[in-house]
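Enquirer: Here you go, one structure.
Since every read-out is calculated from the coordinates, none of them should be taken as a lab result. None of these values were measured; they are calculated from a predicted model. We place every Cβ from the backbone using ideal geometry, glycine too, and count neighbours over all the protein chains shown.
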Amino acid sequence: MVTIIRNVKTYTPDYIGEKDILIFNDKIAAVEDSIEIKLPENIEIKEIDGSGKVLVPGFIDCHVHIMGGGGEGGFATRTPEGTLTTFTTAGVTTVVGTVGTDGIGRDINALLAKARGLEEEGISTYVYTGAYRIPLPTLTGDVMKDIMSVDKIIGVGEVALSDHRSSQPTFEEFIRLASEARVGGMLSGKAGIVNIHMGDGKSNLDYLNRAVDETEIPISQFLPTHMGRNPELFEEGIQYMKRGGYCDFSGAEDPDLWEREYGEVRYSKAVKRLIQEGIDLNNFTFTSDGQGSFPMFNEKGEYLGIGVGTSACLIEGIKECVFREDIPLEIAIKGLTSNPARILKMKSKGKIEVDYDADLNLLDEETLDIHTVIAKGKVMVEKGEPVVFGFFEKKN
């Protein structure tokens with residue numbers, strides 16, 4: 001399959017001007033000012049007019065409950081699985097699946113099966129082994145063995161800290177887990193990252209700062225998520241990033257509600273602050289917590305209600321950065337492209353470069369609405385509508 005995208009303003013994520021992009025099968029074959037090729041007549045060339053569009057790498061959503069999550073309000077509140085078009089219509093071409101609160105009703109074997117199903121349907125997938133609690137539920141019974149033996153397992157998570165739903169692990173238990181993940185990653189050439197669910201408890205980043213101060217484990221081994229959950233946690237995150245740490249910020253379907261009612265720091269404001277503080281802009285990521293539950297509790301930890309995450313919040317967060325906070329597009333999209341690819345050691349992902357995977361999003365230049373989504377060289381979305389569907393999805 002040969003595809004050429006012509007005359008499109010291209011962000012690699014850095015802006016490199018108006019280019020032609022040649023796609024051969026599932027790879028980017030050329031990025032040039034102008035591309036002319038001659039092929040035998042029996043080989044069809046698909047041409048896409050990029051005029052009035054911007055081209056960015058396909059989004060990497062590196063914290064997704066692909067098989068559903070939650071259940072904090074009882075069995076009926078278990079959130080649903082994500083479908084192929086849930087992700088592609090949001091511009092997501094790569095997902096990292098995770099288990100959350102419920103590591104019993106949903107296990108790593110089921111997570112892997114769901115990831116492999118989505119891969120067969122057309123997008124790229126990875127997973128974390130484990131869940132909220134320590135000791136982690138694993139596939140093989142051993143964290144290092146999971147990372148070293150299973151191709152899709154790239155680290156552990158999401159491990160809950162500073163949250164009334166966590167297993168309240170000791171610091172020693174947490175560090176032992178981090179060391180096992182690190183060595184497993186080193187031996188297999190993977191990130192071995194520890195993805196950490198940060199709750200709104202008072203301990204905040206205590207364990208992570210202690211890990212940096214008291215052990216030999218590098219700060220790059222940890223990726224705490226939900227770092228905009230409240231102003232206090234966010235401020236600690238700023239200081240943590242000044243030490244060289246990574247931070248992940250979660251999107252929300254209704255950021256106004258979460259900002260107003262719970263004090264959450266929305267993605268656009270978080271990125272603006274990182275710029276103002278002079279923090280390394282390669283060290284943040286942006287995720288949806290898609291299909292995860294958004295439970296609400298009172299000060300006593302009593303359940304009040306629940307919502308569900310969606311990857312659709314990602315493009316809205318990018319729009320807010322550009323149109324609300326006047327942040328350059330090339331910075332806003334780093335959290336969904338080159339940054340997660342580098343932090344999680346996803347080779348050939350996150351950039352528009354020759355020999356990289358042909359995971360691409362065409363956005364309307366004026367509105368940044370998603371127009372075309374290409375995953376592994378195949379057009380999945382055209383004119384904002386899905387053209388490839390999951391196995392059980394209804395085709396309109």
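Enquirer: Treat each spin label as a single point 7 Å out from the Cα along the C-beta direction, and report the ASN282 to SER203 distance in nm.
Expert: So the label points at ASN282 and SER203 sit 3.2 nm apart.
Enquirer: Starting from 0.36 nm per residue, how many nanometres of slack lie between LYS383 and PHE24 once their C-alpha separation is accounted for?
Expert: My answer for the length gained is 127.0 nm.
Enquirer: When the label point is put 7 Å from the Cα of LEU39 along its Cα-to-beta-carbon vector, which residues of segment 346-372 have a backbone N closer than 15 Å?
Expert: Once the point is set 7 Å along Cα→Cβ of LEU39, 358 turn out to lie under 15 Å by backbone N, inside segment 346-372.
Enquirer: Under 5 Å between amide hydrogens, which residues at least 5 positions from VAL387 or on another chain qualify, with H placed 1.01 Å from N in the peptide plane?
Expert: Amide H neighbours of VAL387, under 5 Å, 5+ apart: VAL381, GLU382.
Enquirer: Compute, for segment 220-277, the length of the dipole vector about the Cα centre, with Cβ point charges of +1 (Lys, Arg) and -1 (Asp, Glu) only. Units Debye, rounded to 20.
Expert: Approximately 340 debye in magnitude.
Enquirer: If you don't mind, another one. What does the helix-only formula give at 222 nm for the chain: each DSSP H stretch with n ≥ 4 adding -39500 (n - 2.57), the total divided by the residues, and the result rounded to the nearest 500 deg cm²/dmol?
Expert: -7500 deg cm²/dmol
Enquirer: OK, next. Give the residue from ILE21, THR125, ALA181 lying farthest towards the positive end of the charge dipole for the chain; charges sit on Cβ (+1 for Lys and Arg, -1 for Asp and Glu) and the dipole is referred to the Cα centre.
Expert: Ranked along the dipole, the leading option is ALA181.
Enquirer: Sort 239-247, 352-360, 166-174 for me by packing, meaning the mean count of neighbouring Cβ atoms within 10 Å per residue, highest on top.
Expert: Details: 239-247: 18.6, 352-360: 20.4, 166-174: 14.9.
Descending packing order for the listed peptides: 352-360, 239-247, 166-174.
Enquirer: Putting +1 on Lys and Arg Cβ atoms and -1 on Asp and Glu Cβ atoms, find which of ASN42, GLY58, THR86 reaches farthest to the positive end of the dipole of segment 1-89.
Expert: It is THR86.
Enquirer: OK, next. How big is the charge dipole of the chain about its Cα centre, in debye rounded to the nearest 20, if each Lys and Arg gets +1 on its Cβ and each Asp and Glu gets -1 on its Cβ?
Expert: Dipole of the chain, to the nearest 20 debye: 680 debye.
Enquirer: While we're on this one: About its Cα centre, how strong a charge dipole does segment 67-163 have in debye, to the nearest 20, once Lys and Arg get +1 and Asp and Glu get -1 at the Cβ?
Expert: That gives a dipole near 60 debye.
Enquirer: Mean Kyte-Doolittle of at least -1.0 plus a Cα span of 24 Å or more along the axis: flag which DSSP H helices in the chain meet both, please.
Expert: Details: long enough: 171-188 (26 Å, 0.31).
Qualifying helices: 171-188.
Enquirer: Among ILE318, VAL381, LEU363, whose Cα lies farthest out toward the positive end of the dipole of segment 282-381, if unit charges sit on the beta carbon of Lys, Arg (+1) and Asp, Glu (-1)?
Expert: VAL381
Enquirer: Next question. On alpha carbon coordinates alone, what is the Rg over Rh value for the chain, Rh being the Kirkwood radius?
Expert: Using only Cα positions, Rg/Rh for the chain is 0.96.
Enquirer: Taking the Cα of ASP14, stepping 7 Å toward and past its beta carbon, and measuring to each backbone N in segment 318-343: which are under 20 Å?
Expert: 327-343
Enquirer: Sort out for me the Cα centre separation of segment 249-317 from segment 335-396, rounded to whole Å.
Expert: Spelled out, the Cα-based centre of one part sits 22 Å from the other.
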